[in-house]
1. At each listed q (0.13, 0.17, 0.19 Å⁻¹), what is the log10 of I(q)/I(0) that the Debye formula gives for chain A modelled as equal alpha-carbon point scatterers?
2. How much space per residue, in cubic angstrom, does the convex hull of the C-alpha atoms of segment B:56-115 take up?
3. Along the Cα→Cβ direction, 7 angstrom out, place labels at residue A:29 and residue B:103. What is the inter-label distance in nm?
4. Could you line up B:46, B:100 from fewest to most neighbouring Cβ atoms inside 10 Å?
5. At 0.36 nm per residue, minus the direct Cα-Cα distance, what do residue A:19 and residue A:65 gain on full extension? Give it in nm, one decimal, please.
6. Between segment A:7-65 and segment B:1-80, what is the separation of their alpha carbon centroids in Å?
7. Which of rounded, prolate, oblate describes the protein assembly as shown, given a ≥ b ≥ c as roots of the alpha-carbon gyration tensor eigenvalues and a/c under 1.5 marking rounded, otherwise prolate only if a/b is larger than b/c?
8. Per 5 Å bin, what percent of the C-alpha pairs of chain B does each bin hold, from zero upward?
């Protein structure tokens with residue numbers, strides 16, 4: 001099975017940077033994903049890491065260290081619309097995703 | 001990008017009745033779809049993997065006779081919650097596996113309330 005841990009809540013100011021950490025222990029690893037989910041809506045894809053290192057996509061970046069079972073999602077230049085839940089998910093060899101409980105990010109003006 | 005739809009977006013039913021939820025890939029063919037359930041303030045939990053033309057694979061603890069999955073075509077998978085009870089009230093989300101390795105497209109979800 002998969003055990004995925006991420007903080008429950010984080011608060012930051014508009015324009016700031018926030019880093020959401022995710023640690024995992026898995027029985028199989030075939031990629032790590034970050035999704036954004038607004039309340040009552042389905043998750044939307046943010047990033048995908050399968051090799052170690054940093055993937056940058058605009059204001060969002062994601063990092064992976066497979067040896068440490070660790071990833072983070074970096075959100076830069078925070079905007080009010082970034083207030084949402086951010087889900088860390090690990091994929092196994094059967095393409096099944098296991099999700100963490102999600103980190104609720106609140107952006108304050 | 002690829003679009004996955006779900007119908008209905010919300011449904012209220014009485015305890016003991018059955019409810020069918022449809023998941024469609026609108027502009028691509030999906031040989032594999034996934035069904036998730038999400039309780040309030042909790043994460044998505046995978047219920048089953050739906051493969052076109054074959055039986056669904058259920059995760060441990062998910063009753064296959066209660067949650068019937070049919071993947072009759074490359075663009076449609078259905079989840080039927082049979083003899084629904086209040087504890088089945090949840091947000092049900094489907095996803096479809098895309099062509100590229102990292103792609104998995106989520107539907108907008110169906111909120112089920114059983115009274």
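Bear in mind that the values in this text are calculations on the coordinates, not laboratory data. Model, not experiment: these values are computed from the prediction. For neighbour counting, all protein chains shown are included, and Cβ atoms are generated from backbone atoms with ideal geometry for every residue, glycine included.
1. The Debye formula, applied to the Cα set alone, gives -0.43, -0.73, -0.91.
2. Numbers: hull volume 6.4 nm³, N = 60.
That works out to 106 Å³ per residue.
3. Using points 7 Å along Cα→Cβ, the separation is 2.7 nm.
4. Numbers: B:46 18, B:100 9.
With the sparsest Cβ surroundings first, the list reads B:100, B:46.
5. Numbers: separation 46, 0.36 × 46 = 16.56 nm, distance 1.51 nm.
Extra length available between residue A:19 and residue A:65 comes to 15.0 nm.
6. Measuring centre to centre over Cα atoms gives 25 Å.
7. Details: a/c = 1.87, a/b = 1.50, b/c = 1.24.
Cα axes put the protein assembly as shown in the prolate bin.
8. 2, 13, 24, 26, 20, 10, 4, 1, 0
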